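Below is one structure, written out as structure tokens; comments come after it.
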């Protein structure tokens, strides 16, 4: 039986035949919509105060895309066959974490500047050039896949599968990029602990540093792992094809996708890098 003409739930168009096979949870998706909206506003305020413009753009765009994606899921609660809402949440929730990851790479660059660039295998500026460059490549792949999947809507499963495969390639590339960055970051922190003055940030060489760098180091590591968990989850979630059993488990999606990105943005909002890392602020002297 074909469901290509379905536009709302009815006798011939059951909710079980939709890609997700359920009515998205209203309360959970409204909460995440509001949460990301608040985080976006907070990032605008704090980012403006500390003049951390590039970081602010990355995290605000990530938060707004997440918010828009969950708006789409809220709309799908009323009508799981709503094709426009389906397209909105596919594209936005696929792309948003890439911007959050870019914020993580940028923060790592400035942590390295604060703790001692001599302990890093790469020069600080290369962390943004290389990893944000790879992030853009991942973004292009995921955007292309999301566009194809969105064009397919709920019913053109051949086109959905093609879009799905492109998205998986983009996410896999993102996981690989984050893994390499994580290894280099771990090596840097080990070198700082062994040969530097530790992670307190009190003094490195002849230069006095901010005394609370450890707080942003912890927030950075936490944000890194939450985004990585989300990306790793997305690979099997999408690899099984649209409508596979894992994709039809909303609780796992809300926790391993929405909550992970929410925690990452929250960590970088509560422990805003602009407060802990003076080099991140526009106009401050920068070491590259």
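Which of the residues belonging to the stretch 103-142 are surrounded by fewer than 18 Cβ atoms within 10 Å (Cβ to Cβ) and part of a helix (DSSP H, G or I)?
Across the stretch 103-142, the qualifying residues are 117, 118, 125, 126, 129, 130, 133, 136, 137, 140.
Count, please, the residues in the stretch 251-284 that happen to be part of a helix (DSSP H, G or I) and either more than 19 Å from residue 228 (Cα to Cα) or at pLDDT below 95 (or both).
Within the stretch 251-284, residues that are part of a helix (DSSP H, G or I) and either more than 19 Å from residue 228 (Cα to Cα) or at pLDDT below 95 (or both) number 8.
Please work out if residue 85 is surrounded by fewer than 23 Cβ atoms within 10 Å (Cβ to Cβ), without any contact (Cβ under 8 Å) to a residue 40 or more places away in the chain and more than 21 Å from residue 223 (Cα to Cα).
yes
Mind checking which residues of the stretch 51-66 are surrounded by fewer than 21 Cβ atoms within 10 Å (Cβ to Cβ) and either in a helix (DSSP H, G or I) or touching a strand residue (DSSP E or B) at 6+ places or on another chain (Cβ under 8 Å) (or both)?
53, 54, 57, 60, 61, 64
Considering only residues that are modelled with pLDDT of 90 or more, out of contact with any helix residue (DSSP H, G or I) (no Cβ under 9 Å at 6 or more places or on another chain) and surrounded by fewer than 17 Cβ atoms within 10 Å (Cβ to Cβ), which ones fall in the stretch 9-37?
Scanning the stretch 9-37 gives 14, 15, 16, 27.
Take the stretch 244-258 and flag every residue that is surrounded by fewer than 18 Cβ atoms within 10 Å (Cβ to Cβ) and under 18 Å from residue 223 (Cα atoms).
255
Looking at the stretch 189-212 only, could you name the residues that are modelled with pLDDT of 85 or more and touching a helix residue (DSSP H, G or I) at 6+ places or on another chain (Cβ under 8 Å)?
Hits for the stretch 189-212 are 189, 191, 192.
The values are calculated or read from the model by the stated rules, or taken from the named source; none is laboratory data. None of these values were measured; they are calculated from a predicted model. Ideal geometry is used to build each Cβ from the backbone, glycine not excepted, and the neighbour counts take in all protein chains shown.
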